[in-house]
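To start, the structure under review is shown below, and the notes come after it.
The values are calculated or read from the model by the stated rules, or taken from the named source; none is laboratory data. The model shown is predicted, which means the values in this text are computed figures rather than measured ones. Quick reminder, even Gly has a Cβ in these numbers, built from the backbone with ideal geometry, and neighbours come from all protein chains shown. What goes into the accessible areas is simple: the full protein's heavy atoms, side chains included, and nothing from ligands, DNA or RNA. Shrake-Rupley method; radii C 1.70, N 1.55, O 1.52, S 1.80 Å.
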Amino acid sequence: MYRLPLSWYSCGVLQREAPSVDQPSQEAAISKVITVVGAAIVHKGRILCAQRGPGRALEGKWEFPGGKIEAGETGAEALVREIHEELRCSIQVGSRIETTTYEYDFGTIQLTTYYAVLTDGHPTLTEHSHLTWFGQDQLADLDWAPADIPAAKALQQADLHEIEARLQAGAAASADNDD
């Protein structure tokens with residue numbers, strides 16, 4: 001069972017405890033599971049975070065941008081598509097950070113978060129109320145959507161400069177192969 005440290009509860013990041021991933025409640029068993037992906041876009045040692053806009057589920061909560069996986073898509077393909085639609089920029093998707101299942105009142109979300117770097121353009125605000133680059137030390141202060149909390153915690157411990165360098169090298173090699 002996944003439990004978050006007490007510090008995440010006391011700093012106001014969590015409003016309720018994350019459910020057990022290995023023993024879902026009876027309600028979770030009958031609710032629809034929505035499979036989504038999120039991108040922790042890394043740039044100069046900072047991470048792009050998005051605040052959900054007014055009138056949407058989880059209004060005001062912070063998340064990693066992304067969205068639903070469509071039929072026939074891999075997680076990476078869905079993330080590239082979603083970031084292009086949502087932020088009007090292109091990314092190189094890296095390794096998986098975390099997969100979390102969380103039961104909300106509107107359904108059960110299975111979120112897989114990946115590292116990513118920008119390959120073209122700059123993130124543009126279209127669906128969220130805010131887009132902000134945060135340092136690792138600032139992540140614990142944000143009011144996260146519950147499904148995003150485990151990835152946010154993992155990012156606090158990651159070597160973002162090394163991850164960014166590897167992803168940029170992979171994006172450059174990929175661009176060379178396209179020529």
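Below, the figures for the structure above:
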quantity	calculated
Where Trp144, Trp62 fall by accessible area, highest first, once all protein chains stay in place (1.4 Å)	Trp62, Trp144
Qualifying lysines (Cα of each under 29 Å from Cα of Lys44; at least 8 residues distant if same chain)	Lys61, Lys68, Lys153
Zone of Ile34's modelled label, taken as backbone nitrogen in the stretch 94-120 under 13 Å from a point 7 Å along Cα→Cβ	102-111
Extension reserve of the Glu85-His130 stretch, reckoned as 0.36 nm per residue once the Cα distance is removed	14.6 nm
Gyration tensor (alpha-carbon) shape descriptor, the stretch 28-94, a/c threshold 1.5	oblate
Percent accessible area from carbon and sulfur atoms, the stretch 109-179, protein chains only, probe 1.4 Å	45
Shape category assigned to the stretch 72-179 from the gyration tensor of Cα positions, a/c cut at 1.5	prolate
Cβ crowding within 10 Å averaged over residues, with 148-157, 99-108 ranked highest first	148-157, 99-108
